[in-house]
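Engineer: Before I ask anything, here is the structure I am working with.
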Amino acid sequence: MDDTGKRLAGCFQVVFPDLREAEIPSASQQTVAAWDSVAAITMMNVIEDEFGLEMDLDDLADLDSFEKVHAYLQKRLQVA
């Protein structure tokens with residue numbers, strides 16, 4: 001896993017402490033019962049703090065898995 005993925009996995013561990021490390025790369029709203037709207041907003045805030053960027057709330061609905069958030073961050077960090 002690249003540096004962005006490792007940092008993102010740390011964000012997931014903060015928001016979902018019961019999620020095992022091995023489960024994080026395949027985590028999604030469908031597989032993580034605790035991933036509700038409050039958790040999604042919390043995740044966004046944790047990611048913004050970790051990566052020093054602002055995320056658009058409009059993007060949040062599409063970011064429903066670790067894989068999608070990781071791809072989003074890689075794209076955003078290349079532009080930054």
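The values are calculated or read from the model by the stated rules, or taken from the named source; none is laboratory data. Please read these numbers as outputs of a predicted model, since none were measured by experiment. Reconstructed Cβ throughout: ideal geometry from the backbone, glycine too, with neighbour counts over all protein chains shown. Accessible surface areas use protein heavy atoms only, side chains included; no ligands, DNA or RNA. Shrake-Rupley method; radii C 1.70, N 1.55, O 1.52, S 1.80 Å.
Engineer: Could you tell me which numbered condition Asp59 fails, if it satisfies all but one of (1) surrounded by 13 or more Cβ atoms within 10 Å (Cβ to Cβ); (2) part of a loop (DSSP other than H, G, I, E, B); (3) more than 10 Å from the chain's Cα centre (by Cα)?
Structural biologist: (2)
Engineer: Would you pick out the residues in segment 2-15 that are without any contact (Cβ under 8 Å) to a residue 40 or more places away in the chain and crowded, with 17+ Cβ neighbours inside 10 Å?
Structural biologist: If the condition is that a residue be without any contact (Cβ under 8 Å) to a residue 40 or more places away in the chain and crowded, with 17+ Cβ neighbours inside 10 Å, then Cys11, Val15 are the ones that fit.
Engineer: Which of the residues that make up segment 1-23 are of a type in the set (A, V, I, L, M, F, W, C) and outside any helix (DSSP H, G or I)?
Structural biologist: Across segment 1-23, the qualifying residues are Met1, Phe16, Leu19.
Engineer: Looking only at segment 23-67, which residues are touching a residue at least 24 places away in the same chain (Cβ under 8 Å) and among the charged types (D, E, K, R)?
Structural biologist: Result: Glu50, Asp64, Glu67.
Engineer: Run down Leu63, Leu53 and say which single residue is farther than 14 Å from Val14 by Cα, out of contact with any Lys or Arg (no Cβ under 7 Å at 6 or more places or on another chain) and of a type outside the set (D, E, K, R).
Structural biologist: From the options Leu63, Leu53, the qualifying one is Leu63.
Engineer: Filter segment 16-49 down to the residues that are touching a strand residue (DSSP E or B) at 6+ places or on another chain (Cβ under 9 Å) and open to solvent by less than 60 Å² (accessible area, probe 1.4 Å), then identify the one that is farthest from Leu77 (Cα to Cα).
Structural biologist: Filtering segment 16-49 for residues that are touching a strand residue (DSSP E or B) at 6+ places or on another chain (Cβ under 9 Å) and open to solvent by less than 60 Å² (accessible area, probe 1.4 Å), the one farthest from Leu77 (Cα to Cα) comes out as Trp35.
Engineer: Still on this structure, please answer the following. Is it the case, given these coordinates, that Asp64 is in contact with a strand residue (DSSP E or B) (Cβ under 8 Å, 6 or more places away or on another chain) and either within 14 Å of Lys6 (Cα to Cα) or among the acidic types (Asp, Glu) (or both)?
Structural biologist: Considered against the rule, which asks whether it is in contact with a strand residue (DSSP E or B) (Cβ under 8 Å, 6 or more places away or on another chain) and either within 14 Å of Lys6 (Cα to Cα) or among the acidic types (Asp, Glu) (or both), Asp64 comes out as yes.
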